[in-house]
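Okay, structure first, notes after.
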């Protein structure tokens, strides 16, 4: 695992105080609900309307954290419509120490996000029930209010959880753009780190 990525995980562990108490309670409840299912391997789909920003952050961080904490979990992402992985989100991941490789001249490129020399997350925009996402026995993590409100039922999900975040898109083209994308990416990483550590209790 790349040193900078690992350093952020260690920082997450030191910064649990940054998570509000009610949010901690909600995250613990998600972990406990997931552990109630007698399955050997967890599958989580992080869902946001366009599958371009927050759901990508969720997929990447969940993959990294599952690796780091040795939790048997595969992370996926999807949306309610297909767009493309947002370039500002990729820039934020690169700023956090990930290596981002994006094919050129593609409308919806399949992006490789590396967090180690042989550790990679494959990301591209898709509908939540498209391949290669699982079609049954998975947990649906709703990352944005719009998807949570307009997609109340996720077929074949074991459970559906709301773990929503503000959309950094509203800062596109502003002086705060890069700062806000990085802030949202780190907040998602921080809270998913707490979720994964709740699995170990």
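Per DSSP H run of at least 4 residues, take -39500 (n - 2.57); add these up for the chain, divide by its residues and hand me the 222 nm value, nearest 500 deg cm²/dmol.
On the way: 6 runs with 81 residues, N = 201.
The helix contribution divided over the chain gives -13000 deg cm²/dmol.
Which of rounded, prolate, oblate describes segment 84-201, given a ≥ b ≥ c as roots of the alpha-carbon gyration tensor eigenvalues and a/c under 1.5 marking rounded, otherwise prolate only if a/b is larger than b/c?
Numbers: a/c = 1.35, a/b = 1.28, b/c = 1.06.
Rounded.
Once label points are set 7 Å from the Cα along Cα→Cβ at both residue 33 and residue 170, what is their separation, rounded to one decimal in nm?
Each label point lies 7 Å from its Cα, and together they span 2.5 nm.
When all C-alpha to C-alpha distances in segment 1-112 are sorted into bins of 10 Å, what percent of pairs does each bin hold, rounded to whole numbers?
12, 37, 38, 12, 1
Would you compute, for the Cα atoms of segment 40-102, the largest minus smallest coordinate along each principal axis and list the three values in descending order, in whole Å?
So the three principal-axis extents are 34, 29, 15 Å.
Using the eigenvalues of the Cα gyration tensor, what equivalent ellipsoid semi-axes result for segment 135-201 when each is taken as the square root of five times the eigenvalue, whole Å, largest first?
Values: eigenvalues 136, 66, 11 Å².
Computed over segment 135-201, the values are 26, 18, 7 Å.
Under a GNM of the chain (C-alpha, springs under 10 Å), which listed residue has the highest mean-square fluctuation: 94, 33, 106?
106
Relative contact order, percent, of the chain when contacts are C-alpha pairs under 8 Å separated by at least 6 residues? Mind dumping the intermediate values first?
Details: 365 pairs, mean separation 57.9, N = 201.
Normalised by residue count, the contact order of the chain is 29 percent.
Would you mind computing, in nm to one decimal, how far apart the modelled labels at residue 3 and residue 110 are, each placed 7 Å from Cα along Cα→Cβ?
Result for the modelled spin labels: 3.3 nm.
Compute the convex hull volume of the Cα atoms of segment 3-199, divide it by the residue count, and report the result per residue in Å³ as a whole number. Walk me through the numbers on the way to the answer.
Values: hull volume 23.4 nm³, N = 197.
About 119 Å³ per residue, rounded to a whole number.
Gaussian network model of the chain, Cα springs within a sub-10 Å range: biggest mean-square fluctuation belongs to which of 20, 149, 112?
For the chain, modelled as a Gaussian network with Cα springs under 10 Å, the answer is 20.
Every number in this text was worked out from the coordinates using simple rules, so none of it is lab data. As the structure is a prediction and not an experimental result, all values here were calculated from the model. Ideal geometry is used to build each Cβ from the backbone, glycine not excepted, and the neighbour counts take in all protein chains shown.
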